[in-house]
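Asker: One structure, as structure tokens, below. Some questions next.
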Amino acid sequence: MNRINLYVHYDAVTNYFMTRGITLKTIDFNRQYLPQNIILANAPEEFGRFDVQTDFKILRNQTEVLDYFELCQKEGRRMSNWIDFDSIEMMHQLTPVEISELLYLFHANKALRSPFFYKLQNNYVYLTMSNGLNKIYYRHMSHFYGRFARSLSEHLSDIINENVRWFTRRKKLVSTMPVRLVEELSPLFMNGLKIDLNQAIKENDTWSIPLYIIEDDLTYLTRNFDRKDAVGQIIYQESTSQWRIEDLSQQFEDKTEGTQ
């Protein structure tokens, strides 16, 4: 199985997460923050309708939104760029300038001003970058944490079960990483964090996944580093289904001080 290294970079100024390998699923949304409606930059013909007043292609109501998300998830389709909005009536009050800003956001994958529009009351902007990364603006940063925890747990499950024969169907279950540990990791997100699944190793029943700061140099995503250069590691113990974070940088600082 080909492992993929994960990447997270958080921009605190405009509240976006740039990610690689962190999938988006309907279960990642708290029910109260599940998009009510969305504007699609582009989508298959069988989805959405064109709004007569704005000429935007929209999904109107949560049922249509869920159907679209779940189809993309099930069939592995590339999801359209989208932005959520609360009401049709308020969307129709967008000015020509605001509409042009929205179109620029979809086209250039960045906001001219704020990605959050008062008249839309949007909580998200979902963008797919040309380099294969995803960029999502979150009104609430913490909404990313559950998505990260779920996605990392699924990736580790794939690794743990990569040698399980398909006909046995007895895959080992991996517990979902606690959100409090993602919060603990979050300061590293601002520096561009590589979660190196290619260098994940198992000793006895314990997995360790090294963490590296690579900022915005994506060429480092496919390179192996010396584990002593890791800033920390994510630990998962199979027998207890427990997760924890180890700060390796502090350990190496202590060793260095001890030799002086």
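The values are calculated or read from the model by the stated rules, or taken from the named source; none is laboratory data. Every value quoted in this text rests on a predicted model; they were computed, and no experiment measured them. Positions of Cβ are backbone-derived with ideal geometry, glycine not excepted, and every protein chain shown enters the neighbour counts. Only protein heavy atoms, including side chains, enter the accessible area calculation; ligands, DNA and RNA are left aside. Shrake-Rupley method; radii C 1.70, N 1.55, O 1.52, S 1.80 Å.
Asker: Using only the heavy atoms of the protein chains and a 1.4 Å probe, how would Met91, Met129 rank by accessible area, largest first?
Answerer: Details: Met91 0, Met129 35 Å².
Heavy-atom accessible area, descending, gives Met129, Met91.
Asker: In terms of Cα to Cα distance under 30 Å, which lysines are near enough to Lys202, apart from those fewer than 8 places away along the same chain?
Answerer: Lys25, Lys171, Lys172, Lys194, Lys228, Lys255
Asker: On a straight-distance basis, which aspartates and glutamates could pair with Lys110 in a cross-link, Cα separation under 20 angstrom, same-chain partners fewer than 8 positions away excluded?
Answerer: Candidates past the 8-residue exclusion: Asp11, Asp84, Glu98, Glu101, Glu215, Asp216, Asp217.
Asker: Enumerate the calculated ³J(HN,Hα) couplings along region 143-155 in order (Karplus 6.51 cos²θ - 1.76 cosθ + 1.60, θ = phi - 60°), each rounded to whole Hz, writing x wherever the residue is Gly or Pro.
Answerer: For region 143-155, the Karplus curve yields 5, 6, 4, x, 4, 4, 4, 5, 5, 4, 4, 5, 4 Hz.
Asker: So, one more: Of all the Cα-Cα pairs you can form in region 55-132, what percent are over 20 Å apart? Present the calculation step by step, with values, prior to reporting the outcome.
Answerer: Numbers: 1025 of 3003 pairs.
When every Cα pair of region 55-132 is considered, 34 percent fall beyond 20 Å.
Asker: If you take the square roots of the eigenvalues of the alpha-carbon gyration tensor of region 151-248 and sort them as a ≥ b ≥ c, do you get rounded (a/c under 1.5), prolate (a/b over b/c) or oblate? Kindly include the intermediate steps, with their values, before the conclusion.
Answerer: On the way: a/c = 2.00, a/b = 1.57, b/c = 1.28.
Cα axes put region 151-248 in the prolate bin.
Asker: Output ³J(HN,Hα) for region 205-219: one whole-Hz value per residue in order, computed from phi by the Karplus curve 6.51 cos²θ - 1.76 cosθ + 1.60 with θ = phi - 60°, and x for Gly and Pro.
Answerer: Working through the residues one at a time gives 10, 10, 9, 10, 10, x, 10, 10, 8, 10, 6, 10, 8, 6, 5 Hz.
Asker: Testing the spin-label approximation: label points 7 Å from Cα along Cα→Cβ at His107 and Thr240. State their distance in nm.
Answerer: 5.6
Asker: Which trypsin sites (Lys or Arg not before Pro) does region 91-163 hold that lie in a coil by DSSP with at most 14 other beta carbons within 10 Å? Each step should come with its number before you reach the end.
Answerer: Details: sites: Lys110, Arg113, Lys119, Lys135, Arg139, Arg147, Arg150; in loops: Lys110, Arg113, Lys119, Arg139.
In loop regions of region 91-163 (DSSP not H, G, I, E or B), the sparsely surrounded trypsin sites (Lys or Arg not before Pro) are Lys110, Arg113.
Asker: Here is a further query. With a cut-off of at most 14 other beta carbons within 10 Å, and DSSP calling the residue loop, which GluC sites (Glu not before Pro) in region 125-216 qualify? Please list them.
Answerer: Working: sites: Glu154, Glu162, Glu183, Glu184, Glu203, Glu215; in loops: Glu162, Glu215.
Hits after loop and neighbour filter: Glu162, Glu215.
Asker: Determine one quarter of the surface area of the Cα convex hull of the chain, which equals its mean projected area, and express it in nm² to one decimal. Could the numbers behind the result be given before it?
Answerer: Details: hull surface 66.7 nm².
Mean shadow area of the hull around the Cα atoms is 16.7 nm².
Asker: Let me ask something else. On the accessible surface of region 111-204, probed at 1.4 Å, how many percent belong to carbon and sulfur atoms?
Answerer: Values: 2340 of 4840 Å².
Roughly 48 percent, rounded to a whole number.
Asker: Looking at region 101-181, what % of the alpha carbon pairs are farther apart than 15 Å?
Answerer: Details: 2234 of 3240 pairs.
Across region 101-181, Cα pairs with separations above 15 Å total 69 percent.
Asker: Enumerate the residues in region 1-45 having an amide nitrogen under 12 Å from the point lying 7 Å beyond the Cα of Thr222 toward its Cβ.
Answerer: 5
Asker: So, one more: Which value, in Å² rounded to 10, gives the accessible area of Val179 with a 1.4 Å probe and all protein chains present?
Answerer: 60
Asker: Continuing with the same structure: Quick one: accessible area per residue over region 38-160, 1.4 Å probe, rounded to a whole number of Å²?
Answerer: Details: 5790 Å² over 123 residues.
Per-residue value: 47 Å².
Asker: Which of the peptides 40-50, 19-29 is most tightly packed, and how do the rest follow, judged by the mean count of other Cβ atoms within 10 Å per residue?
Answerer: Order by mean packing, descending: 19-29, 40-50.
Asker: Translational diffusion coefficient of region 1-153 at 25 °C, 0.890 mPa s, Stokes-Einstein with Kirkwood Rh over Cα pairs, in µm²/s as a whole number. All intermediate terms of the calculation are to be shown ahead of the outcome.
Answerer: Details: Rh = 15.9 Å.
Approximately 154 µm²/s, per Stokes-Einstein.
Asker: Using the Karplus curve 6.51 cos²θ - 1.76 cosθ + 1.60 with θ = phi - 60°, what ³J(HN,Hα) values do you get for each residue of region 21-29, in whole Hz, with x for Gly and Pro?
Answerer: Karplus values, whole Hz, x for Gly and Pro: x, 9, 6, 10, 10, 4, 5, 6, 9.
Asker: If the convex hull of the alpha-carbon atoms of region 93-232 is projected onto planes in all directions, what is the mean projected area in square nanometres?
Answerer: 11.6
Asker: Charges at C-beta only: +1 for Lys and Arg, -1 for Asp and Glu. How large is the resulting dipole of the chain about its Cα centre, in Debye rounded to 20? Please list the in-between numbers first.
Answerer: Working: 30 positive and 34 negative charges, 141 e Å.
Around 680 debye, computed over the chain.
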